[in-house]
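Shown next, in structure tokens, is the structure this report addresses.
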Amino acid sequence: MRLKTAVIVFLVAAATLVGGSMLYTRSQAKKAVEDIITVASPYAEITYRGISVTLGGKIRIQNIEIRTRLIAQTIPIEGIDIETPGLWFLLTSTGKLRDGKLPDHMRLLIRGLTFNLDGALADALEKITAAARRGSGAADGDCGPLQQMTLRDYRKLGYQAFVLDLGLGYRLDKSGNSATTTVEWRAREMASLDLSMQVMGLSKNVMEMVMVKPHVSKFSVVYTDLSLTDRIKRFCAEANSKTVVQYTEMLANRGDDWFQQSWGFVPGTGLRDAYRSFVNEPREVRVEGMLPDDFSPQTLALYKPEDIVGLLGLRVSVNGKSVKDLSTSTFSGTPAETPRAAVAGVDEKVAATTTEATPPTVQPAAVETPAGPPSSTIPIKELGRHVGKMVRIIVTPNTVREGLLVQVGDGMARIERRYAGGSMVIAIPVGHIERAELMDKQ
């Protein structure tokens, strides 16, 4: 009997402690939200229905409405979730954050942010974008690229509002030296974009991060089409007096000048085929890569397009199918000089450029013709035995890499290539290597 009473007392005490902790945490969260509302009050009136806290440490703010002062329109949000390591973290976070200690993981999720396309704010943005387009001299294509679409165009596609889910978070590994960060963007019934990055050189203490240099070692970008491209195809096919199949063929057969203007480069055969596959059946595009430790975005302009693919170790798949040929080139003619490419046609009058001290003109970036000395084939599984030797690696029939093999590991082969102004290391996924050759000394 005494044991039963003790257990009951313990459970009641535990429930009281947990309940009190949750109520305290909720009151603190409510105060923080009210402070934010006060700061934003000169610009917008913000209301919400309620705040809750879970045992798992999640703070949920429900049914938010933002009424802007400048333009009479209400922006509703279904809710905002803040995910933390747990209730204990919420109770002790003030002291830890003051000491510069980061939690093991955090995630912010904004659910159902709704932007009506027939409201006053949309009309104002429509006028601003129209004026910007007139100023830039941009012309509409044949119901063309997405970047040329206006808010009015989206209404024609059947969208009455953009309903967005936005997420941002990170998770530190056990050592605290690296973290996986995620950025999530989803427009309901349209498309989603997910970015994941592995960041190295971190610390669990913010103060220590000042003394280190974090860098991204891996990344992945996944685009998922939820209905946007199919709606565009149906609408634009009708606008061009074509069937959906005919309009899709027109998209797949774009000329080099169009790709250069819209994409910034001319895709080779592999990317063209992948583009054709996607416009026919728009589902998913996935891009993955690995960055060198000393990578700097400012140096990308110094590399040729095909070297960027190797430098970043890019891997691309469309609708679950890997794209082996990632060759690209640059269009240097005029639309009148280059006819529309056939479905499996070869690019004409294409030149690739690269800039070092003075940008020289080079041969098309899609092809690197082996011009080195004679070579002997190396079994791919034995590639690691030839580190420190000159090798020739064939990734596709049109893409050949030559240089000093400096490392083989983590599924990547890295070769060093020397230029007049220095050298760079290119990472090549071992799984994409068709043949490797040992180059004999001259």
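The values are calculated or read from the model by the stated rules, or taken from the named source; none is laboratory data. Computed from a predicted model, the values in this text were never measured in an experiment. We place every Cβ from the backbone using ideal geometry, glycine too, and count neighbours over all the protein chains shown.
The residue that is surrounded by the most Cβ atoms within 10 Å (Cβ to Cβ), counting only those in segment 54-109 that are of a type in the set (D, E) and not in a loop (DSSP other than H, G, I, E, B), is E83. Return a yes/no flag: does segment 234-257 have any residue that is modelled with pLDDT of 85 or more, part of a strand (DSSP E or B) and in contact with a Ser or Thr (Cβ under 7 Å, 6 or more places away or on another chain). Looking through segment 234-257, none of the residues is modelled with pLDDT of 85 or more, part of a strand (DSSP E or B) and in contact with a Ser or Thr (Cβ under 7 Å, 6 or more places away or on another chain).
Within segment 230-242, does at least one residue satisfy the condition of being in the same structural domain as L102 (by TED's automatic domain parsing), surrounded by 14 or more Cβ atoms within 10 Å (Cβ to Cβ) and acidic (D, E)? Break it down into steps so the answer makes sense when it comes.
First, the residues of segment 230-242 that are in the same structural domain as L102 (by TED's automatic domain parsing): 230-242.
From the residues that got through so far, the ones that are surrounded by 14 or more Cβ atoms within 10 Å (Cβ to Cβ) too are 230-237, 242.
Filter once more, keeping what is acidic (D, E): 230.
Yes, because at least one residue in segment 230-242 is in the same structural domain as L102 (by TED's automatic domain parsing), surrounded by 14 or more Cβ atoms within 10 Å (Cβ to Cβ) and acidic (D, E).
Might you check whether a residue that is within 30 Å of R234 (Cα to Cα), at pLDDT below 65 and surrounded by fewer than 19 Cβ atoms within 10 Å (Cβ to Cβ) occurs anywhere in segment 353-360? No, because not a single residue in segment 353-360 is within 30 Å of R234 (Cα to Cα), at pLDDT below 65 and surrounded by fewer than 19 Cβ atoms within 10 Å (Cβ to Cβ).
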